[in-house]
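Data first, discussion second: the structure below is written as structure tokens.
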Amino acid sequence: MKSKMNIPLVDLKTNYLTIKDEIDTAIQNVIDNTSFIMGEPLKKFEKNYAEFCKCKKAIGCSSGTTAVHLALLAASLKKGDEVITVPNTFIATTECISYVGGKIQFADVKTDTRLINIDELEKKITSKTKALIIVHLFGQMPDMKKIKEIAEKHDLFLIEDAAQAHAAEWNGHQPGYYGDIACFSFFPAKNLGCFGDGGAVVTNNEEIGENLKLLVNHGRSTKYEHLIEGYNYRLDAIQAAILDAKLPHLDKWTELRRKHAEFYNKNLSEKVVVPFEDKNAKHVYYMYVIASKKRDELMKFLKQNGVSCGIHYPIPLHLQPAYKKLGWKNGSFPVSEKLSKEILSIPIYPELTDDQKNYIVEKIKEFT
Ligand SMILES: Cc1ncc(COP(=O)(O)O)c(C=O)c1O
């Protein structure tokens, strides 16, 4: 019998060590220049990230949450305007709707992709709907071409919450191509993560881009001239420099994630439900999420055997205490509710070794 291994859900230390010199140099340069706010590192990263996403503009900001807030500010909602999104996402998506006085509306997701059910989305559109936030959960995009057509037909502002989907594609296009704005998180564990909080918005609309650039930095045109009231939502220079050092490695890391997912798919598909990847999508596997009717027992067994796992997310947003006042009930969004009871995220990160993968597969097989 093989000895017990301890495998984390994500391994940020190992990732850092693969490019330690590049990161340490980038950080030291910022310290040597003592230019910690705005400045060259941010400009350089914004230019490179826009190029990477094939978008006209990228604007760094302080987190994925502030990215979604900025996108909703760009949507210019009036109090009570409705914004449709999904219940199986992180609360940041909906918190931002509330920040701008919008009304949260949900459309349920599909069982296979776990992404928005487009037929249901269309049915939820009313005369009050003004924007959509499409969440590219776990690293996969839904049919954004169809969603863009719907948004155009109903004159809706289209936001992509791509916090989990750096380098993902639909029909060969990354987040930012179909939407008016795409929002990214650079939280440390994300596919492109910094060493603290960070985020970015990308857009092909120059006017929106210029406006967001003002909003993230107190509406400043010069040091003490403020064209509008804005926010302190800037991305720190140190974080920008770290992200710029990591960016050239992102394609390679994405391919490794996809390779690990292929291995899991091949070895686990007869034991548990494995993620469904649409043929038009490039899934970047921020999370590798299986499903099982015996999820809780499986998770306990894996943890006992040293395999970390997680549930993303155990309580759908419509059933969160924070939204009790909005009146949704058990049964309001049955697919999201069922998924929340069956899904399990197992370790996936670029540096996952063959021994680790084999061990995880072996343990899942042993359980089932
Ligand atoms: C789908 C989604 N949206 C928004 C966010 C918010 O990003 P951040 O944690 O960087 O504020 C997250 C973070 O996990 C997320 O997963």
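The values are calculated or read from the model by the stated rules, or taken from the named source; none is laboratory data. Note that this is a predicted model, so its numbers are computed, not measured. Cβ sites come from the backbone with ideal geometry, for glycine too, and all protein chains shown count toward neighbours. Areas reflect the complete protein model, heavy atoms only, side chains present, ligands, DNA and RNA absent. Shrake-Rupley method; radii C 1.70, N 1.55, O 1.52, S 1.80 Å.
A Gaussian network model of the chain, with springs between Cα atoms under 10 Å, assigns the largest mean-square fluctuation among Phe36, Phe45, Phe106 to Phe36.
Each residue of the range 159-165 was assigned a 3J(HN,Hα) from its phi angle through the Karplus curve 6.51 cos²θ - 1.76 cosθ + 1.60 (θ = phi - 60°); the sequence is 10, 9, 8, 9, 3, 10, 9 Hz, with glycine and proline shown as x. Among the protein heavy atoms, those of Met141 account for about 0 Å² of accessible surface (1.4 Å probe, every chain in place). For the range 142-291, the convex hull spanned by the alpha carbon atoms encloses 141 Å³ per residue. Note on the range 232-295 and the range 54-109: Cα centroid distance 23 Å, given to the nearest whole angstrom. Note on the chain: with a GNM built from Cα contacts shorter than 10 Å, the maximum mean-square fluctuation among Gly331, Gly219, Gly310 falls on Gly331. Proximity of backbone amide H atoms, modeled 1.01 Å from N, is registered between Leu115 and Lys110 at under 5 Å, excluding neighbours fewer than 5 places apart on the same chain. GNM on the chain, alpha-carbon springs under 10 angstrom: the most fluctuating residue among Ile348, Ile37, Ile242 is Ile37. Too long at a 19 Å Cα-Cα cut-off: which of Lys190/Lys252; Lys56/Lys190; Lys13/Lys47; Lys78/Lys145; Lys153/Lys279; Lys110/Lys145? Exceeds cut-off: Lys56/Lys190; Lys13/Lys47; Lys78/Lys145; Lys153/Lys279.
In this Cβ point-charge picture (+1 for Lys and Arg, -1 for Asp and Glu), the range 274-366 has a dipole of about 540 debye about its Cα centre. Per-residue ellipticity at 222 nm computed for the chain from its helices equals -12000 deg cm²/dmol, with DSSP H segments shorter than 4 residues left out and the rest contributing -39,500 (n - 2.57). Couplings 3J(HN,Hα) of the range 254-269, computed from phi: 5, 4, 5, 4, 5, 5, 5, 4, 4, 4, 4, 4, 5, 9, 10, 5 Hz, in residue order, whole Hz [Karplus 6.51 cos²θ - 1.76 cosθ + 1.60, θ = phi - 60°; x for Gly and Pro]. Counted over the range 255-368 with a bin width of 5 Å, the fraction of Cα pairs per bin, in whole percents, is 2, 11, 20, 21, 18, 12, 9, 5, 2, 0. Over every pair of different alpha-carbon atoms in the range 104-201, take the mean of 1/r and invert it; report that Kirkwood radius in Å. One decimal place: 13.9 Å for the Kirkwood radius. By the compact-protein rule of thumb, 2.2 N^0.38 Å, the alpha-carbon radius of gyration of the chain corresponds to a ratio of 0.99. Rolling a 1.4 angstrom probe over the protein heavy atoms with all chains in place gives the chain an accessible area of 45 Å² per residue.
The coefficient of translational diffusion for the range 71-120, derived via Stokes-Einstein from the alpha carbon Kirkwood radius under 25 °C and 0.890 mPa s, stands at 213 µm²/s.
Across the range 219-272, counting alpha-carbon atoms alone, Rg and Dmax equal 21.2, 63 Å. Among the GluC sites (Glu not before Pro) within the range 247-314, those in coil by DSSP and having at most 14 neighbouring Cβ atoms inside 10 Å are Glu270.
Applied to the range 82-98, the Karplus parametrisation 6.51 cos²θ - 1.76 cosθ + 1.60 on θ = phi - 60° returns per-residue 3J(HN,Hα) values of 8, 10, 9, 8, 10, x, 9, 9, 6, 4, 3, 4, 8, 3, 5, 5, 5 Hz, with x for Gly and Pro.
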